[in-house]
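Novice: Questions regarding the structure given below will be posed in turn.
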């Protein structure tokens, strides 16, 4: 499975309508939405008023990535957006299993994200309960960062864990995804590719999505 999830964080917020128009006509699969609180990560992005507006502009699945403390407090708000996936950080959830249960009970797929320095072994006892594991391939908080090369080995080890345990979880990556890194990630075993600056701001972002997907599919 090769899915492309453009990250709204890299969009031109002065014209979200236009950005959503190219997204809707493109081959992109999910829309990735990074919510940052300035506490868990050193930046503030956008909140639910913006997400509610964006949700009305597309019928494609919303992948809501909460880079915030205590994300479990916002399960109902994310559900009310019509989100397909709610993505929380392992590092922000003291009771991760309970949070995953809450997300499932709300009718969404549960995704868990690991920061670059967090070992995949922290998911050993929950890997079969989650629908998606997202590996940050840059340090969270800002877009347009350089891809962390060690992430390729981390993806491979996560793929091995998923196979060994019989988990059905998809592997998602976020950070530094472009035409150079995407094929390498595909070889390592990635399913979902979050891309921001590699798509938004380009002369023809929809064509960039098509080319990125073509590169991945040909691996």
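Novice: Label residue 80 and residue 27 with points 7 Å out from Cα along Cα→Cβ: what is the distance between them in nm?
Specialist: Going by the 7 Å Cα→Cβ label model, 3.8 nm.
Novice: On to the next question. Under the 0.36 nm per residue contour assumption, what length would be gained going from the current alpha-carbon distance of residue 48 and residue 207 to full extension? Write out the running numbers ahead of the final one.
Specialist: Numbers: separation 159, 0.36 × 159 = 57.24 nm, distance 2.95 nm.
Stretched fully, the residue 48-residue 207 segment lengthens by 54.3 nm.
Novice: What distance in nm lies between label points placed 7 Å from Cα along the C-beta direction at residue 149 and residue 101?
Specialist: Computed distance between label sites residue 149 and residue 101 equals 4.4 nm.
Novice: Please report the antiparallel percentage of the DSSP beta bridges confined to the chain, to the nearest 5.
Specialist: Counting DSSP beta bridges with both partners in the chain, the antiparallel share is about 5 percent.
Novice: Could you order peptides 99-106, 40-47 by the average number of other Cβ atoms within 10 Å of their residues, highest first? If you can, show how the numbers build up before the last one.
Specialist: Details: 99-106: 18.0, 40-47: 16.4.
Output ranking for 99-106, 40-47: 99-106, 40-47.
Novice: Considering only segment 1-73, what is the antiparallel percent among its DSSP beta bridges, to the nearest 5?
Specialist: Numbers: 1 of 8 bridges.
Taking every DSSP beta bridge with both residues in segment 1-73, the antiparallel ones total about 10 percent.
Novice: Continuing with this model, one more query. Could you give the length gained by full extension between residue 14 and residue 122, i.e. 0.36 nm per residue of separation minus their alpha carbon distance, to one decimal place? Could you put the intermediate results ahead of the total?
Specialist: On the way: separation 108, 0.36 × 108 = 38.88 nm, distance 3.98 nm.
Full-extension gain reported as 34.9 nm.
Novice: Measuring from centroid to centroid over Cα atoms, what is the spacing of segment 47-94 and segment 154-173 in Å?
Specialist: Cα centroid of segment 47-94 versus Cα centroid of segment 154-173: 23 Å apart.
Novice: Next question. What is the distance, in nm, between label points placed 7 Å from the Cα along the Cα-to-Cβ direction at residue 160 and at residue 69?
Specialist: 3.6 nm
Novice: Read through the labelled values (i) -0.41, -1.16; (ii) -0.30, -1.43; (iii) -0.24, -1.40 and report the label of the one computed as log10 I(q)/I(0) by the Debye sum over Cα atoms at q = 0.08, 0.18 Å⁻¹ from the structure.
Specialist: Structure-derived value, by its label: (iii).
Novice: At 222 nm, what helix-only mean residue ellipticity would the chain give, in deg cm²/dmol to the nearest 500, using -39500 (n - 2.57) for each DSSP H run of four or more?
Specialist: Working: 7 runs with 70 residues, N = 219.
Computed ellipticity for the chain at 222 nm equals -9500 deg cm²/dmol.
Where a number appears in this text, it was derived from the coordinates with a stated rule and is not lab data. Just so it is clear, the structure is predicted and the values come from calculations on it, not from any experiment. Methodologically, a virtual Cβ is constructed for each residue, glycine included, from the backbone with ideal geometry; neighbour enumeration extends over all protein chains shown.
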